[in-house]
Structure formats: C-alpha cells, structure tokens
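Below: the structure, in structure tokens.
The values are calculated or read from the model by the stated rules, or taken from the named source; none is laboratory data. Just so it is clear, the structure is predicted and the values come from calculations on it, not from any experiment. In this analysis, Cβ positions are derived from the backbone assuming ideal geometry, glycine residues included, and neighbour counts consider all displayed protein chains.
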Amino acid sequence: MNIHEYQAKAVLKKFGVAVPEGVICQTAEEAEAATKQLGTAVVAVKAQVHAGGRGKAGGVKICKSAEEAKATAASLLGTNLVTHQTDANGQPINRVYVEAGTDIAQELYVSMLLDRASSKNIVMASTEGGMDIEEVAEKTPEKITTISVDPLTGLMPYQARQLAFSLGLKGEQIKHATKFFLNLYKAYIDTDAAMLEINPLVVTGDDQIVALDGKMNFDSNALFRHPDIAELDDPTQQDSREVEAAKWDLNYIALDGEIGCMVNGAGLAMATMDIIKHFGSSPANFLDVGGSATEERVTAAFKIILSDPQVKGILVNIFGGIMKCDVIANGVVAAAKEVQLSVPLVVRLEGTNVQLGKDIMAKSGLPITSADTLAEAAQAIVNEVNKSKAA
C-alpha cells in the first residue's frame, strides 16, 4: 500500500525523523493561508499523488508569496499529473502540500528496502540526491553505498556512521546523520514498510539533516497490525476496478489487452496470460480468485472484468482443488446472466466436480464455449475475439 508524501512525513515525524513544517491543502485559498501561516520567504507547493518524478513533471513549484502559492495550487488542484511512473492519464491531484522553505546546502539520497537475494534489509545511500537512483546505479554505481542489516540487531550506530562517512559528511553533520538514520530505520521496521525512500535528503546551512521528500509503501499483509496506517489509503489514486477487487479479496491488476482472464492461482494466471500472448492476443488483466472463492466472489470477479471497456472476450481457467468447479460454474452463469454477457466466453475447468461444473454451464442456455485444455481454451477465445472484430 502506498501513501502520500505528507502522510509519510507525519509517520516519520513520530519516530523523531526531521522533516520540514508543512500544511496539507485541498483548495487554493487554503494554500494561501498555509503560506502565511508558515511564514518563510519561500514555500514549496507539492502535488500529492502516488507517483515519483513529480518535480520533473511540474508537480512541485517554489513560490515566493502567498498569492503565488494560491495561483499555483489553483493550477494543480483538479488536474491529473503525468510522470514517468504513471500511465498516459496520470494521477488526480486532490491535495497539495505547502511546505516551508529549507536552506539547502547539499542534496543526498537514502532508501531502505528488502534485498531478496540476501534475505536482509538494506540501506542504500548516495551523494546524488534529487536524481533517479536507477540512473545513478547505471551511470555511476560507485556513488551508491549499500549496507546489509542483520535482522537480529537492526541498524547499528557504527553502520549509521559508516553511511554518514560515505556521504562525505563532517563534524556535527555526522552526529545528526547518525541519529537520523537510526530513527529512519526504526520507522521502516516498526511500520512494516516494504520500502522507505528519502530523495532528496538534505543537509541544511546549519548542518541539520532533513527529509525534504518522503516515499513509503507498506506490506499489505501486515496492515492488520497497523490500522492507523491502513486508514491512510487513498483509493482515488488507484484503478477503481482494483479497489473493488480488494473489497472481495481478489488479486486484480488491470492491463492493456483485450482478453479478460479469471484464474485460480497466481502461477496458473501467469501461464494463462502467456498462452494468450502465444496465440496472438493479449490479456486485459491479471485476476486470481484464490483457492477458496465463493460463488459471490466469482460473480464479483466476473463483473469487474466486464467493467473494462477494452475486454473483447473472457477466458476462465480453473483447476479445482480446494476450489470446486461447480462453484466456479455457478458464479460464471450467475454473473453472465446479471450483466447480460455480450462478449465471447470460453471456460476451461479441471479438477474437483469438473463434470458437474460443465453440466451447469451446458444447461444454462448461455453461449459458453467449454474447453478441456488450456491450449484449446486460449486458441478458442483468441479465434472468437478475432471473429467478432472482423464482423
């Protein structure tokens, strides 16, 4: 789960991580009042969206007066911000964060995440703050310092000092940076964050270390331990179909193809998507209904697939183990009748109660094509879609 910058900074502040003062605003008038309240010579007006690259895309503006902040907020609010991390439609800007100006002497970079190769958390730091870390890694990898953290001890003070030295910090800067890194790691661990990135991390004119930006996302499987963080979720930044799928505990990801997929099991879903590509078409989604879906969840899944206007056909591929084929069949039939199915539908069932499931579909009176193998099913749905497009 992702959260906004202003939310991340509020979380970090609770752990003693230094962040600039700021005010979240939903109107241009609020941005004007916030600028006056902060009282600094300049403020930064920042679009709050779940995407990086905001500065390059025009989503972060430096303003020198309350009037300028008001005008900037008015130009951002209600629009969509397109960055290199969004699709062509961008993300809606419903809030801006007005932040007090900071006396920046140096820009740095730090992030914390899980290194799956070593099964340890790592801390990455670089002197190249304000840049995309992928670009730094490609062009100047020697400018990135990486430290592995022992899960039993956590980030140790000597490792925090090592990071500070690697960034070229000196004197009081090292003391402040050591405290900053230790508090930052505690925030990362205690919130079950999947990733924490500060870019840029700045050294101020008086040698303080401050998080000028903040990006956090969290392990969704651990959110039950953090109801306060779960409440920070902003569904307006997500695909509406993915939001609806989450309500039914369905794993759904929208793609840009034309064949909707409903499968049980992530591995089988990936194989289904691959074979659709093999036969010359492309999947419109990834959708795993899981191993114990009810008829109601299957119906919901079917309706979510059909809510995508790009879908020209649907392939259902179910291997019934814990999931029974007759449950899937009943769900498919119920959903097809409810939404008045208007696109080709191919269903491949195998496993528990497979014949019962096939009988339910055959007696439904609906134009459902049944297939015995995945290859037959994929080829059938691709052919049906091509026929409908040619008609």
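The figures follow:
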quantity: Those residues of region 97-124 which are under 25 Å from the mean Cα position of the chain (by Cα), assigned to a strand (DSSP E or B) and of a type in the set (S, T, N, Q), in sequence order; calculated: Ser111, Asn121
quantity: Region 238-262 residues that are farther than 26 Å from Ala378 by Cα, paired with ones that are surrounded by fewer than 18 Cβ atoms within 10 Å (Cβ to Cβ) and hydrophobic (A, V, I, L, M, F, W, C) (beta carbon under 9 Å, 6 or more apart); calculated: Gln238/Ala246; Asp239/Ile253
quantity: Residues located in region 221-246, provided they are surrounded by 16 or more Cβ atoms within 10 Å (Cβ to Cβ) and in contact with a Pro (Cβ under 8 Å, 6 or more places away or on another chain); calculated: Gln237
quantity: Region 301-319: number of residues that are crowded, with 21+ Cβ neighbours inside 10 Å and over 22 Å from Asn383 (Cβ atoms); calculated: 2
quantity: Output for region 126-140, where each listed residue is free of Cβ contacts under 8 Å to residues at least 60 places away in the same chain and either touching a strand residue (DSSP E or B) at 6+ places or on another chain (Cβ under 7 Å) or surrounded by 19 or more Cβ atoms within 10 Å (Cβ to Cβ) (or both); calculated: Ser126, Thr127, Glu128, Val136, Ala137
quantity: Within region 141-157, tally of residues that are part of a loop (DSSP other than H, G, I, E, B) and either at positive phi or surrounded by 13 or more Cβ atoms within 10 Å (Cβ to Cβ) (or both); calculated: 3
quantity: Test: residue in region 201-219 that is assigned to a helix (DSSP H, G or I) and among the basic types (Lys, Arg); calculated: no
quantity: Criterion (over 22 Å from Asn386 (Cα atoms), assigned by TED's automatic domain parsing to the domain that holds Ala269 and not basic (Lys, Arg)) met by exactly one of Gly313, Gly320; calculated: Gly320
quantity: Residue in region 247-259 that is buried (at least 18 other Cβ atoms within 10 Å of the Cβ), assigned by TED's automatic domain parsing to the domain that holds Ala301 and β-branched (Val, Ile, Thr) present; calculated: yes
quantity: Any chance Leu196 is within 25 Å of Ser119 (Cα to Cα), at pLDDT 95 or above and in a strand (DSSP E or B); calculated: yes
quantity: Residues of region 348-358 satisfying the condition of being surrounded by 14 or more Cβ atoms within 10 Å (Cβ to Cβ) and either over 23 Å from Ile259 (Cβ atoms) or under 31 Å from the mean Cα position of the chain (by Cα) (or both); calculated: Thr352, Asn353, Leu356
quantity: Residue, nearest to the chain's Cα centre (by Cα), within region 235-253, restricted to residues that are of a type outside the set (S, T, N, Q), at pLDDT below 90 and not in a helix (DSSP H, G or I); calculated: Asp239
quantity: Top-ranked residue in region 267-300 [being closer than 19 Å to Thr369 by Cβ and hydroxyl-bearing (Ser, Thr, Tyr); ranked as surrounded by the most Cβ atoms within 10 Å (Cβ to Cβ)]; calculated: Thr272
quantity: Leu169 assigned to a loop (DSSP other than H, G, I, E, B) and surrounded by 11 or more Cβ atoms within 10 Å (Cβ to Cβ); calculated: yes
